[in-house]
Ligand code: NOJ
């Protein structure tokens, strides 16, 4: 299981209201007790923090807010000493506009690093070279007065896209990965991998006929030519070859694409990323029949040797407990942690955090600031982790950079640790079962035909057979399966063929 830490919000140790590397180290035992295998930390690199670290100004350093390289080395050693793997967040599509490479690139048209970014002449009318739209809204092209050209930024103006068609840039970025691999980093989550190569001719993107008022500006066009281009796979393969030149490293790709496109990122004969993130559970309607089809179809679509993965939440999307409610969040946890494949858990979901309320004067996220009021803001899912009922929930000695969630005095790690029925205990129990039963860890998955609000599937390894049955609804449901009850989301002691409302069960079935 991969656990995502949003480092600004995990644990502050130096009293500045922002989490840091020493804080992650302090809390490693929480992760061990939970049953985590690997920790992925969102960006920790030097950055002006316009996009909270996803605007990198130095790929081989640590932002002073988070600590030093020595702190990183200590954290890595402490994680390894506990049997935990550590993944960093590599942001290869764009840098910060404060990165020395971009400062050089924009300094003159003849600068040797000019071609490390994407510069184009204006359209004949003087406007942007094409109609591509930034994911944060508005044209994806920014005029540079000094050199009389536009540069491309798929994200914020302050995040110019790097030109991966330039071999020197490519080599420099792979060197940056090597830097962290050499230190012992176990792998990377690769930011917006599917954006990295654009159509060589930069044609206009087609208009999106389904765009309506209230949708994000970026969806006015379909990103047909600006993303998911065939040449991206060669980059993934280069990264993979680099990872494979070390022992036991992993690459996870951030890719928001439909399943049939996503599968290509496993690569030809496995030369892509190990785990192209499968975000379907994040976007899915919480409906048993459509989830059933989705799970079946995803498993069937995997390429030979492709290992599945599932994600319920991350730092960009509403939290699961907000999307489906508290009772169903427990069912969702059972789903995430019993499906075939590597699950990724977002920090705080193990205690059932919901989206925080952010007063207008505390809004920090550029997504919200640029398109306010449409519900795209990500601050609500980045509120500080709550460790105990003490001042600032044990997160910091100072006022946190984002407000704590409203009920932090009761919803925190210490408050749940000794309560066998808590969300935290449920996660620990699920992960303990996953380790104890090879059917759950690595077994095959077969969907069981069910009706209405029930999802059921079987996991088999050797002679071990486990059935998972989940009730996504508010009515009791008959499930014609018998077996020894290993775990119930509502704490039932036995299973008699009937799921209670909001109940999920794991059954060991003897033939
Ligand atoms: C994807 C990251 O998850 C998101 O937080 C960030 O804003 C964009 N990439 C830009 O890097």
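None of the figures in this text is laboratory data; all of them are computed from the coordinates on show. Keep in mind that this is a model prediction, so the values were computed, not measured. Note: ideal-geometry Cβ built from the backbone for every residue, glycine included; neighbour counts use all protein chains shown.
Packing, taken as the mean count of other beta carbons within 10 Å per residue, orders the peptides 34-40, 485-491, 280-286 from highest to lowest as 34-40, 485-491, 280-286. Approximating the spin labels as points 7 Å out from Cα along Cα→Cβ, the residue 361-to-residue 441 distance works out to 5.3 nm. Label-to-label distance, residue 199 versus residue 268, with points set 7 angstrom from Cα along the beta-carbon direction: 2.3 nm.
Please compute the contact order of the chain in relative form: average sequence separation of alpha-carbon pairs under 8 Å and at least six residues apart, divided by the residue count, as a percent.
Working: 1089 pairs, mean separation 62.7, N = 511.
Relative contact order, the chain: 12 percent.
Here residue 224 and residue 496 are evaluated by their C-beta separation; at R0 = 35 Å the FRET efficiency comes out at 0.05. Could you give the angle, 0 to 90 degrees to the nearest 10, between helix 288-301's Cα long axis and the longest principal axis of the Cα atoms of the chain? Helix 288-301 and the main axis of the chain meet at about 60 degrees.
Between residue 300 and residue 420, the modelled labels are 4.2 nm apart [label points 7 Å from Cα along Cα→Cβ].
Pop out the Kirkwood hydrodynamic radius of the range 100-152 from its pairwise C-alpha distances, inverse of mean 1/r, in Å to one decimal.
11.5 Å
Based on the Cβ-Cβ distance from residue 410 to residue 451, what FRET efficiency comes out when R0 is 41 Å, to the nearest 0.05?
Numbers: r = 37 Å, r/R0 = 0.91.
Efficiency for this residue pair is about 0.65.
To two decimal places, what compactness ratio does the chain give when its Cα radius of gyration is scaled by 2.2 N^0.38 Å? Let's see the in-between values first.
Details: Rg = 23.2 Å, N = 511, 2.2 N^0.38 = 23.5 Å.
That works out to 0.99 for the chain.
Equivalent ellipsoid of the range 20-145: semi-axes from √(5λ) of the C-alpha gyration tensor, largest first, are 39, 16, 11 Å.
Based on the Cβ-Cβ distance of residue 60 and residue 463, what FRET efficiency does E = 1/(1 + (r/R0)^6) give at R0 = 45 Å, to the nearest 0.05? Intermediate results must be reported in sequence, preceding the final value.
Values: r = 50 Å, r/R0 = 1.11.
For R0 = 45 Å, the calculated efficiency reads 0.35.
Could you give the Stokes-Einstein D for the range 443-509 in µm² per second, using the C-alpha Kirkwood radius, 37 °C, 0.692 mPa s? Don't jump to the answer; show the numbers that get you there.
Details: Rh = 11.8 Å.
Rounded, D is 279 µm²/s.
Report the relative contact order of the range 100-152, percent, no decimals, based on alpha-carbon pairs under 8 angstrom and at least 6 residues apart. Each step should come with its number before you reach the end.
On the way: 74 pairs, mean separation 17.4, N = 53.
About 33 percent, as a whole number.
The order of 1, 447, 385, 196, going from fewest to most other C-beta atoms within 10 Å of their C-beta, is 447, 1, 196, 385.
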